[in-house]
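A.B. asks: Dropping a structure here in structure tokens format, bear with me for questions.
Laboratory data are not the source of any read-out in this text; all were calculated from the coordinates shown. Since this is a predicted model, take the numbers as computed values, not measurements. All Cβ positions, even for glycine, are placed from backbone atoms using ideal geometry, and neighbour counts span all protein chains on display.
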Amino acid sequence: MKPIQFSVSATAVSNLKWLSVLMLGGVLVGCSGTSGKAPVVDRAHAGQQRQYNPVRQGQYRVQGGDTLYSIAFRFGWDWKELAARNAIKAPYVIVPGQVIRFSGGSQAATFAKAPTARKPLPAARTQPVPISKAVTPITIVTQTRPTVAAITNQGKWLWPTNGALVGVYSSNTSLNKGIDIAGQLGQSIVATADGSVVYAGSGLRGYGEMVIIKHNDTFISAYGHNRRLLVKEGQAVKAGQQIAEMGSTGTDQVKVHFEIRRQGKPVDPLSYLPKR
């Protein structure tokens, strides 16, 4: 039996060569798609749930340790707007079980509490007492409250600490809304301007031990990842006063995460801090 012979045309050989080249190119592209490097993941912010645009639907039930300011910070609200939405008046005290609503118009806040006993009716109606027509003049004394000086972007802020800038503000809503400053464990963190502490705790996920300072009706500042807090809610602080010790709570690096929010919206702190 004669062996079977196959004849391959020149065109077929050429096509096979081009197919081999294309397959090899595909393998090289697949290997070089990441330039030979693993994708970079910022573990400091992975899994964090930071909200920068106001949540306009649903409601939140107040937990122990919450303040109106921390809730506004967490859900991206200006604290004044959130207070008005829930008819919360000064001094803006909230209690556990209270429901904070994000949708709808202005309305009274609701509470989770047990029903109270009905008050007994009066036994009998008393006779009205004659009222003298003489009117005693009343002197009204108005007491002016000290106000925090207006803070602008003209360099009236102080840096919260010294150290290398390891994170900067981004306008992208999914990225950093402040700056990160690295330093040594226990390093001093100071208030960047006069104000009042409106939150001190670790209830905001992703920020660790955190301090929020209200400077006026427009600005607040926030300091996260501290090792130890040195101030309490309601305490007045001065610019440059130590408020915490630098740490790594809520992150994997010793640093402070610093934010400035204007009417509830994050702004770039480097536009307000003095040049250095």
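A.B. asks: I'm trying to understand the selection: among the residues of the range 211-233, which are surrounded by fewer than 16 Cβ atoms within 10 Å (Cβ to Cβ) and farther than 21 Å from A84 by Cα?
C.D. replies: R228, K232
A.B. asks: Further question on the same structure: Does the range 58-108 hold any residues that are among the aromatic types (F, W, Y) and either farther than 16 Å from I212 by Cβ or in contact (Cβ under 8 Å) with a residue 60 or more places away in the chain (or both), and which are they?
C.D. replies: Y60, Y69, F73, W77, W79, F102 - these are the residues of the range 58-108 that are among the aromatic types (F, W, Y) and either farther than 16 Å from I212 by Cβ or in contact (Cβ under 8 Å) with a residue 60 or more places away in the chain (or both).
A.B. asks: Could you list all residues from the range 58-85 that are surrounded by fewer than 21 Cβ atoms within 10 Å (Cβ to Cβ) and not in a helix (DSSP H, G or I)?
C.D. replies: Of everything in the range 58-85, those that are surrounded by fewer than 21 Cβ atoms within 10 Å (Cβ to Cβ) and not in a helix (DSSP H, G or I) turn out to be G58, Q59, Y60, R61, V62, Q63, G64, G65, F75, D78.
A.B. asks: Taking the range 252-272, which residues are outside any helix (DSSP H, G or I) and either aromatic (F, W, Y) or within 14 Å of G167 (Cβ to Cβ) (or both)?
C.D. replies: Result: D252, Q253, V254, K255, V256, H257, F258, E259, P266, D268, Y272.
A.B. asks: I've got another one for you. Only one of H225, H257 is closer than 20 Å to S170 by Cβ, of a type outside the set (D, E) and in contact with a Ser or Thr (Cβ under 6 Å, 6 or more places away or on another chain). Can you tell me which?
C.D. replies: Sole residue among the options that is closer than 20 Å to S170 by Cβ, of a type outside the set (D, E) and in contact with a Ser or Thr (Cβ under 6 Å, 6 or more places away or on another chain): H225.
A.B. asks: Taking the residues in the range 68-98 that are among the polar types (S, T, N, Q) and more than 14 Å from the chain's Cα centre (by Cα) as candidates, determine which candidate is nearest to S202 (Cα to Cα).
C.D. replies: Among residues in the range 68-98 that are among the polar types (S, T, N, Q) and more than 14 Å from the chain's Cα centre (by Cα), the one nearest to S202 (Cα to Cα) is Q98.
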